[in-house]
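Undergrad: Can you keep this structure in mind? I'll have questions shortly.
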Amino acid sequence: ETGVTQTPRHLVMGMTNKKSLKCEQHLGHNAMYWYKQSAKKPLELMFVYNFKEQTENNSVPSRFSPECPNSSHLFLHLHTLQPEDSALYLCASSQDNGDFYEQYFGPGTRLTVT
Amino acid sequence: QQQVKQSPQSLIVQKGGIPIINCAYENTAFDYFPWYQQFPGKGPALLIAIRPDVSEKKEGRFTISFNKSAKQFSLHIMDSQPGDSATYFCAASGGSARQLTFGSGTQLTVLP
């Protein structure tokens, strides 16, 4: 295991539902990330939190709302999603040393929007 | 300019073969080039990484070759095994692009 856990591992939700994805890292890192992984496409960076502050939002629709209450926990709140949002959502963490990021990924949440 | 182009999309080799996966980039400010390995049902795991001050790096059976002038880097897997069957992603970061930019992935199958 990488030290990054995600729950739930699988989620099926309707377009009108509200759900949340949870990520927890046990590595003492200070930066956390949400990625979207769709078939045959590069990993898409969604959000970055550094020292609990959101430092990047890569034009993600407002139906995705991140929350980072502390440097060990990261949430992704979901509401009124579309079928095209079905994907594997990956959380990652790293230690921001100002140079590059050696990122450690969780196992992901497989999301299906019906 | 932020893209990292990866090829091939899929690759099948026999056990003991040497699969080679290639990546190309445009941003000359990139200075960190990792490779990730992803098994089904798992998140990507960092496999090996290189900085542009060296042309080659080996860790066990995995080797990164780096060609700065061509802006290309590749992953070689020596004596490949069926357990190496996975999806491999290259990535790059550096300069103003502090976050990783990933390639689209290569699905490798090593036949017994």
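Only the coordinates and a few stated rules stand behind these numbers; no lab work does. Values in this document were obtained by computation on a predicted structure and should not be read as measured data. Note: ideal-geometry Cβ built from the backbone for every residue, glycine included; neighbour counts use all protein chains shown.
Undergrad: Which whole-number percent gives the relative contact order of segment B:1-53, counting Cα pairs below 8 Å spaced six or more residues apart?
TA: Working: 55 pairs, mean separation 15.7, N = 53.
Relative contact order here is 30 percent.
Undergrad: Could you tell me the calculated FRET efficiency between B:Ile20 and A:Lys18, based on Cβ-Cβ distance and R0 = 45 angstrom, to the nearest 0.05? Write out the running numbers ahead of the final one.
TA: Values: r = 46 Å, r/R0 = 1.03.
The value I calculate is 0.45.
Undergrad: Separate question: Give the dimensionless ratio obtained when the Cα radius of gyration of the protein assembly as shown is divided by 2.2 N^0.38 Å. If you can, show how the numbers build up before the last one.
TA: Numbers: Rg = 17.6 Å, N = 226, 2.2 N^0.38 = 17.3 Å.
This ratio for the protein assembly as shown stands at 1.02.
Undergrad: How high is the FRET efficiency between A:Glu84 and B:Phe39 when r is their beta carbon distance and R₀ equals 25 Å, given to the nearest 0.05? Could the numbers behind the result be given before it?
TA: Details: r = 26 Å, r/R0 = 1.03.
E between A:Glu84 and B:Phe39, to the nearest 0.05, is 0.45.
Undergrad: Then there is this: Express the relative contact order of chain B as a whole percentage, based on alpha carbon pairs under 8 Å and six or more residues apart in sequence.
TA: Working: 283 pairs, mean separation 41.7, N = 112.
37 percent.
Undergrad: What's the local net charge at A:Pro61, with K and R +1, D and E -1, over the other residues with C-beta under 14 Å away? Working shown, then result.
TA: Numbers: positive: A:Lys36, A:Arg63; negative: A:Glu44, A:Glu84, A:Asp85.
Residues near A:Pro61 contribute -1 overall.
Undergrad: If the cut-off is 19 Å between C-alpha atoms, which aspartates and glutamates fall inside it for A:Lys19, apart from same-chain ones fewer than 8 positions away?
TA: List returned: A:Glu67, A:Glu84, A:Asp85.
Undergrad: Counting only other chains, what is the mean number of Cβ atoms within 10 angstrom of the Cβ of each residue in peptide B:38-46?
TA: On the way: counts 6, 1, 0, 5, 6, 15, 11, 3, 5.
Neighbouring Cβ atoms belonging to other protein chains average 6 per residue here.
Undergrad: Separate question: About the Cα centre of chain B, how large is the charge dipole given +1 on each Lys and Arg Cβ and -1 on each Asp and Glu Cβ? Please answer in debye to the nearest 20. Could the numbers behind the result be given before it?
TA: Details: 10 positive and 7 negative charges, 14 e Å.
It comes to approximately 60 debye.
Undergrad: What shape does chain A take by its C-alpha gyration tensor, where a ≥ b ≥ c are the square roots of the eigenvalues and a/c under 1.5 counts as rounded, a/b above b/c as prolate, and the rest as oblate?
TA: On the way: a/c = 1.71, a/b = 1.66, b/c = 1.03.
Verdict is prolate for chain A.
Undergrad: Using Cβ-Cβ distances only, list the Cys residues of chain A with no partner cysteine under 4.7 Å, sorted by number.
TA: A:Cys68
Undergrad: What nm distance separates the two modelled labels at B:Lys58 and A:Thr55, each placed 7 Å from Cα along Cα→Cβ?
TA: A separation of 3.6 nm, rounded to one decimal place.
Undergrad: Rounded, prolate or oblate: which one fits segment B:8-94, using the alpha carbon gyration tensor with axes a ≥ b ≥ c (rounded when a/c is under 1.5, else prolate when a/b beats b/c, else oblate)? Can you show the working numbers first?
TA: On the way: a/c = 1.94, a/b = 1.57, b/c = 1.23.
Taking the square roots of the gyration eigenvalues as a ≥ b ≥ c, segment B:8-94 is prolate.
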